[in-house]
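Contents: one structure, followed by commentary.
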Amino acid sequence: MRKKLPIGIENFGEFSSDDFYYVDKTGLIVDLLHNWGKVNLFTRPRRFGKSLNMSMLQHYFEIGCDKRLFEGLRISREKELCESYMGRYPVIALTLKGVDGLNFEAACAAMRSTIGRELLRFEFLLESDRLSDREKQIYEQMAGPADGKQEVFSMPDALLADSLQNLSMLLFKHYGSRVIILIDEYDVPLDKAFQAGYYDEMVSLMRNLFGNALKTNEYLQFAVLMGCLRISKESIFTGLNNMNVMSVTDEYFDEYFGFTDADVQELLAYYGLEYAFDTIKEWYDGYRFGNASIYCPWDVIKYCQALLKNKNAVPENYWANTSGNVMVCRFIEKASQQTRNEIEKLIEGESITKAVNMELTYNELDTTIDNLWSVLFTTGYLTQLGREEDRRYRLSIPNREIRELFISQIREWFQESTGADTGRIAKFCGAFPDGDVRLIEDMLNEYLWNTISIRDSAARSGMKENFYHGMLLGLLRHEESWLLKSNTESGEGFSDILIETRNGTGIIIEVKYAEDGKLDRWCRAALEQIKQKHYAARLLEDGMERIICYGISFYRKRCRAALHRPPVSDN
């Protein structure tokens, strides 16, 4: 019986106990022990296995670990390392993913709960014969009564900033071994605080918490932090000069977050899905961490799940659906005409060269468009093809999934921004039943100039037509009294857009992308298709008394419209 696909599994212990498929990343432990600093910070985009790797580290280092979990894996071949480090350390493991709140007080309560739940793992300290009564009292003040049932942790503010350092001290006294601290999603509290308006207060809390735990902690063996962004030292890491940072541009540890080609090929072979390799590569590969080409593991696993149910399953945008993609929206809103042209180049499959700042504070993220380029890069919406000079990188969209995400966000932004100008859209819509080709053409060209066009030379013509089709449909939906039909069967085919108006006028619109730039020729081809396929049949069946046909062709930021009014008898 085949192993189960690990959908959403972040606890390393479950892979063995519940028989899930595991892509071996235990080489991370080997490289960490050979290259570790006192404080090690890994930054990677979301859904690339950070939390699972943190769980793996905890299961490996923690006293009392189940060594059978690592049998047959890469780390098991390192006999000396396993003898010296495996199961040898007390481990404090936190995820700050849930530290959120509408105000600072609520976020502090969430932080107390997060740390409090970790404290409860060590209730045995209250019975330790190696701790003094005063030390046990410190533990009880932090964790509360030893009943293990409290849902609200009431740790005093004075102890919160010292809590990780105090717990390190107590564990060291009990075990006689220094402590390993693991902090996952370390940047989430700052992100939430920035969005909710209490950023400065959260920075102060985390600066004290991290400073005590990571900088002045004599009981610390080493620490590992993971998150999406590398937060400036001047923000929460002030004075922390012993930090070993591994970002998406560093060659160290480049293959341990995400799947490599070999990982994907082995997984597909195991499940008998080898035929899907090229599709998976097109959609989900293309991230470049250091020198390694990486797939998003979440996407690969989700698509494999779909293929096991239906071998003809169509790839989906799984990664984008895991968040609101606020950063892309913010970026597009701030884009100047020059920046929009650069986005067009990226969607076309080209690269652009930008200076990348790998170390920002949240207050700086969207102060300039240059900072937003950096954030899109570090969070996985863009990847690097190589470094130039002075922190300048050649950036590109990594794969088809992210390209389509950009396109969908551009379409949403366009509809929102144009929707605010109701007067102009009403005038645009009114031009169609009036047969005002010149006005339609002029206004569409103006809209195209102010938005971001899709001109990917490597994409299918239909993909480009779909973008312009969607943009036009979004504008026409402003007229609420019309009945709009898109890609509807009519006559001998499927028409792009059919419109039925209250006064009995039926409108047919056929959209073409002019691959060769000859707009007039493609307008004529669109009108000829309407005639040959008898697209008016559906409108006539629905009682439309007058038919107007439009052929509209697009090429980059230009369009042309042509009109034909067929006699009803011709249909």
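The values are calculated or read from the model by the stated rules, or taken from the named source; none is laboratory data. If you're wondering where the values come from, they're calculated on a predicted model, not measured in any experiment. Cβ placement follows ideal geometry from the backbone for every residue including glycine, while neighbour counts extend to all protein chains displayed. Accessible surface is based on the protein model in full, side chains and every heavy atom, while ligands, DNA and RNA are left aside. Shrake-Rupley method; radii C 1.70, N 1.55, O 1.52, S 1.80 Å.
Computed from the C-beta positions of N103 and E282 and an R0 of 35 Å, the FRET efficiency is 0.20 to the nearest 0.05.
Accessible area per residue for the chain, computed on protein heavy atoms with a 1.4 Å probe, is 43 Å². Just the protein heavy atoms count here, and of the accessible area of the range 425-568 at 1.4 Å, carbon and sulfur take up 45 percent.
Per atom type, the range 233-291 shows carbon and sulfur on 43% of its accessible surface, probed at 1.4 Å. Based on DSSP H segments of at least four residues, each scored -39500 (n - 2.57), the chain has a per-residue ellipticity at 222 nm of -13000 deg cm²/dmol.
Of the GluC sites (Glu not before Pro) found in the range 523-571, the ones in coil according to DSSP and having at most 15 other Cβ atoms within 10 Å of their Cβ are E545. Rg/Rh for the range 1-153 stands at 1.01; both radii use Cα atoms, and Rh follows the Kirkwood definition.
Sorting C523, C82 by accessible area puts them as C82, C523; the probe is 1.4 Å, largest comes first, and only protein heavy atoms count. Among the listed values (i) 25.3; (ii) 27.2; (iii) 24.4, the one computed from these coordinates for Kirkwood radius over Cα pairs in Å is (ii). The R392 and D542 beta-carbon pair, evaluated with R₀ = 51 Å, returns a calculated FRET efficiency of approximately 0.30.
Stretched out straight at 0.36 nm per residue, the stretch from D31 to S132 would grow longer than its current Cα-Cα span by 32.5 nm.
Principal axis analysis of the Cα atoms in the range 19-92 yields extents of 34, 33, 22 Å, listed in decreasing size.
Site pair N242 and R117 shows an inter-label distance of 3.0 nm when each label is modelled 7 Å from Cα along Cα→Cβ. Relative to the longest principal axis of the Cα atoms of the chain, the long axis of helix 50-61 lies at roughly 20 degrees.
On the principal axes of its alpha-carbon atoms, the range 173-297 has extents of 53, 43, 24 Å, going from largest to smallest. Relative contact order of the chain, taken over Cα pairs closer than 8 Å and 6 or more residues apart, is 11 percent.
Loop-located GluC sites (Glu not before Pro) in the range 212-265 (DSSP state not H, G, I, E or B) with no more than 13 neighbouring Cβ atoms inside 10 Å: E218, E234, E251. Between S486 and E140, the modelled labels are 6.6 nm apart [label points 7 Å from Cα along Cα→Cβ]. On the range 135-218, 44 percent of the accessible area sits on carbon and sulfur atoms, based on a 1.4 Å probe. Using alpha carbons only, the radius of gyration of the range 166-233 set against its Kirkwood radius gives Rg/Rh = 1.04. Within the set K354/K464; K25/K281; K485/K531; K281/K557, which residue pairs have Cα atoms separated by over 29 Å? Result: K281/K557 exceed 29 Å.
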